[in-house]
Amino acid sequence: MIELRHVTRRFGPTVAVDNINLTIETGEVCVLVGSSGCGKSTTLRMINRLLPHSEGEILVDGEDITTMNPEQLRLNMGYVIQGTGLFPHWTVARNIAMVPQLLKWPRDRIDARVHELMTLLDLDPATHANKYPQQLSGGQAQRVGVARALAADPNILLMDEPFGALDAITRESLQLEMLRIQKQVRKTTVFVTHDIDEALKLATRIAVMDQGRIIQHDTPENILRRPASEFVENLVGKQDRGLKLMSLRPVRQLMQAHPAPKRPEPGAEGLKEEDNLRLALSVMLWQGAEQVPVFNARGEETGVITRERLIQEGA
Amino acid sequence: MRLWLPPVLLAVLLYGLSAGMPALEPLFHWVQPDKQQVIYERESFLFLLQNHLLLVLISAAVGTLVAVAGGIFATRPSGRDFLPLVSQVASIGQTFPPVAVLALAVPVLGFGEAPILVALMLYGLLPILRNTLAGLEGISPAVKEAARGMGMSPLQVLVRAELPLAGRVILAGIRTSVTINIATAAIGSTIGARTLGDPVIAGLVNGNTAYVLQGAILIGLLALTTDSLFEALERTWDRRFSPQVAV
Ligand SMILES: Nc1ncnc2c1ncn2[C@@H]1O[C@H](COP(=O)(O)OP(=O)(O)OP(=O)(O)O)[C@@H](O)[C@H]1O
Ligand SMILES: [Mg+2]
């Protein structure tokens, strides 16, 4: 658990972070969102003490971080930095192995871990382990950055725009990977982005920041339904809210389940249970269908979703 | 290792010429037919070479140590206040021509080996200092932030990230420093240091072109040897620490 109490950070006369209170529960993904220069990175850097805070206190699992050894604190916090910051003179494998090496893990344990992480992040160890960062594409480099942060299995993850500067497709696939990884290894995560859609997709709770203050700290659904101010309302896109709400809920919640899973008709097209309602609507509009079958992970048809239900209860 | 072949060959040639200069007497007689003596014999060439090398080596070693330490200090949080001063000294100092450095050294330090050594050290320090600063300051802030953020101690950041990344530039600074100092040490003969500059000065004074040639050839060869040695070192460094440059 991370708690920030009345935390302020000044750079000379400018107040980068202004008296914020924020509690991030264990296992939660808290996404800090806001426009450029609103103090997101500064907040993150204060949590791992790369920047000292000017006022207030920051507690990690109940302990004041200023009483801890900064290196020890950071070794237990994975940090994905805005702009990757990979060591250009180290191979991908060695970059990922950085923290385990600092923790003096035995050689074979490190090798196994690097292999495991590269596989987890969809980087083929055989082709990429011995490459240097300059030989990677932007997306691959960001994956390596994420792998490096996860390497020593820290309890806390700090991610500063880890998928920034990527094309939409790569970004989306990394977000899905992140959700998948988060399902496997639940880490207390503070995630910074200025992309509200990314925030809605990944967060358990979102903290909207503006000019160094936290304007609203709530679940994605509540941020959409009850924006605390006009600023938040504009950020989430007032008129776009219906669809955004739909994209928060999986098809599973609104489908009419069959009594028992059925074998699908050959060539039948449909949705997966975990697809979101927005996608369901899009498929229906495109196919001109009144209802679409829903399949589970094994490919069996478990129900159907109807247009009527979707329109009535979707958002 | 093909890389090390040129410096080794040049070194062998340098040693061979220094030891066997008298064997070339007929050649120098042809160059300078009007003189009885055409081979410089006041000191052996080997001794002059050794002395010359020693001056350069000591000044390079001390210069490197002091400059790198100074560069590291000036880029630490505790030494940052000195950074502008240090980098100004480093770049202004270099606009001094080496001859002027020697001319200034004599009234302060007197004649002989000691003053030239001090002059070489101080003067040779500047390019190394400047490059150390450039190398350390040139590292991407993201890399340094990542290193610290991952939990490296300041010393680990320095040793594992900053020095390997700045090393190539520092090495280039040492190369410049040594090359300049090989030439400056030769001029040191004018103020009483015994170096490969001796035959050149003697030759100029006595109008003996053969002496001048002997000194000049050896100085040139020494510079070439050193330069190709650094070339090989830099290539090796690239392979070790920045392989993306190597093909
Ligand atoms: N080292 C620093 N020195 C002085 N001012 C700083 C420093 N770091 C940040 N600031 C200022 O603090 C404010 C917040 O910066 P911060 O980096 O936290 O923004 P951000 O929300 O991460 O923005 P972005 O989305 O562009 O990364 C900005 O006004 C910035 O100019
Ligand atoms: Mg930022």
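Values computed for the structure shown
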quantity	calculated
For A:ARG94: the one exception among (1) more than 16 Å from ligand 2 (Cβ to nearest atom); (2) within 27 Å of A:GLN175 (Cα to Cα); (3) within 14 Å of another protein chain (Cβ to nearest Cβ); (4) open to solvent by less than 60 Å² (accessible area, probe 1.4 Å)	(4)
Residue within the stretch A:106-113 that is in contact (Cβ under 8 Å) with a residue 12 or more places away in the chain and within 14 Å of chain B (Cβ to nearest Cβ) present	no
Pairs, first closer than 14 Å to B:ALA186 by Cα in the stretch B:93-110, second open to solvent by 30 Å² or more (accessible area, probe 1.4 Å), C-beta under 8 Å, six or more apart	B:PRO98/B:ILE180; B:PRO98/B:ALA183; B:PRO98/B:ILE187; B:VAL99/B:ILE187; B:VAL101/B:LEU122; B:LEU102/B:ILE187; B:LEU102/B:THR190
Residue that is farthest from A:ALA207 (Cα to Cα), among those in the stretch A:7-16 that are in contact (Cβ under 8 Å) with a residue 24 or more places away in the chain and more than 24 Å from the chain's Cα centre (by Cα)	A:ARG10
Any strands (runs of 3 or more DSSP E) falling wholly within the stretch A:200-315 and containing at least 1 residues that are crowded, with 16+ Cβ neighbours inside 10 Å	A:205-210, A:213-218, A:291-295, A:301-306
Residue among B:LEU17, B:LEU53, B:LEU48 that alone is aliphatic (A, V, I, L, M), in contact with a Lys or Arg (Cβ under 7 Å, 6 or more places away or on another chain) and surrounded by 15 or more Cβ atoms within 10 Å (Cβ to Cβ)	B:LEU48
Meets criteria (more than 14 Å from ligand 1 (Cβ to nearest atom), more than 16 Å from A:HIS194 (Cβ to Cβ) and within 14 Å of chain B (Cβ to nearest Cβ)) for A:ARG49	yes
Those residues of the stretch B:86-101 which are under 19 Å from B:PHE73 (Cα atoms) and either surrounded by fewer than 16 Cβ atoms within 10 Å (Cβ to Cβ) or in contact with a Cys (Cβ under 6 Å, 6 or more places away or on another chain) (or both), in sequence order	B:GLN88, B:SER91
Subset tally (residues that are modelled with pLDDT under 95 and either hydrophobic (A, V, I, L, M, F, W, C) or within 12 Å of ligand 1 (Cβ to nearest atom) (or both)) for the stretch A:185-198	5
Residue that is within 14 Å of ligand 2 (Cβ to nearest atom), on the phi < 0 side of the Ramachandran plot and among the aliphatic types (A, V, I, L, M), where the choices are A:LEU22, A:LEU32	A:LEU32
Verdict on A:ALA151 being within 14 Å of chain B (Cβ to nearest Cβ), in contact with a Pro (Cβ under 8 Å, 6 or more places away or on another chain) and open to solvent by less than 20 Å² (accessible area, probe 1.4 Å)	yes
Whichever residue in the stretch A:163-195 is within 16 Å of ligand 2 (Cβ to nearest atom), more than 14 Å from every other protein chain (Cβ to nearest Cβ) and not in a strand (DSSP E or B) and, among such residues, is surrounded by the fewest Cβ atoms within 10 Å (Cβ to Cβ)	A:ASP195
The lone exception for A:THR84 - which of (1) touching a helix residue (DSSP H, G or I) at 6+ places or on another chain (Cβ under 6 Å); (2) at pLDDT below 95; (3) open to solvent by less than 10 Å² (accessible area, probe 1.4 Å); (4) within 16 Å of ligand 1 (Cβ to nearest atom) it fails	(3)
B:PRO164 vs. criteria under 25 Å from the mean Cα position of the chain (by Cα), closer than 24 Å to A:LEU103 by Cα and in contact (Cβ under 8 Å) with a residue 60 or more places away in the chain	yes
Which listed residue is under 30 Å from A:THR219 (Cα atoms), touching a Phe, Trp or Tyr at 6+ places or on another chain (Cβ under 8 Å) and of a type outside the set (D, E, K, R), from A:LEU75, A:LEU32, A:LEU51	A:LEU32
Residue that is over 19 Å from the mean Cα position of the chain (by Cα) and either of a type in the set (Lys, Arg) or on the phi < 0 side of the Ramachandran plot (or both), where the choices are B:PRO115, B:PRO77	B:PRO77
Residue ID - nearest to ligand 2 (Cβ to nearest atom), chosen from residues in the stretch A:53-82 that are without any contact (Cβ under 8 Å) to a residue 40 or more places away in the chain and within 14 Å of another protein chain (Cβ to nearest Cβ)	A:ARG74
Members of the stretch A:131-189 found to be aliphatic (A, V, I, L, M) and within 15 Å of A:MET118 (Cα to Cα), listed by number	A:LEU136, A:ALA141, A:VAL144, A:VAL146, A:ALA147, A:ALA149, A:LEU150, A:ALA151, A:ALA152, A:LEU174, A:MET178, A:ILE181
Criterion violated by A:GLY12 - all others in (1) within 16 Å of ligand 1 (Cβ to nearest atom); (2) exposed (fewer than 15 other Cβ atoms within 10 Å of the Cβ); (3) under 17 Å from A:ARG213 (Cβ atoms) satisfied	(3)
Matching residues in the stretch A:17-46 - criterion: being open to solvent by 20 Å² or more (accessible area, probe 1.4 Å), within 13 Å of ligand 1 (Cβ to nearest atom) and either in contact (Cβ under 8 Å) with a residue 12 or more places away in the chain or within 14 Å of chain B (Cβ to nearest Cβ) (or both)	A:ASP18, A:SER35, A:SER36, A:SER41, A:ARG45
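The values are calculated or read from the model by the stated rules, or taken from the named source; none is laboratory data. These figures come from a predicted structure and were not determined experimentally. Here Cβ is always computed from backbone atoms with ideal geometry, including for glycine, and neighbour counts include all displayed protein chains. For accessibility, only protein heavy atoms count, side chains too; no ligands or nucleic acids. Shrake-Rupley method; radii C 1.70, N 1.55, O 1.52, S 1.80 Å.
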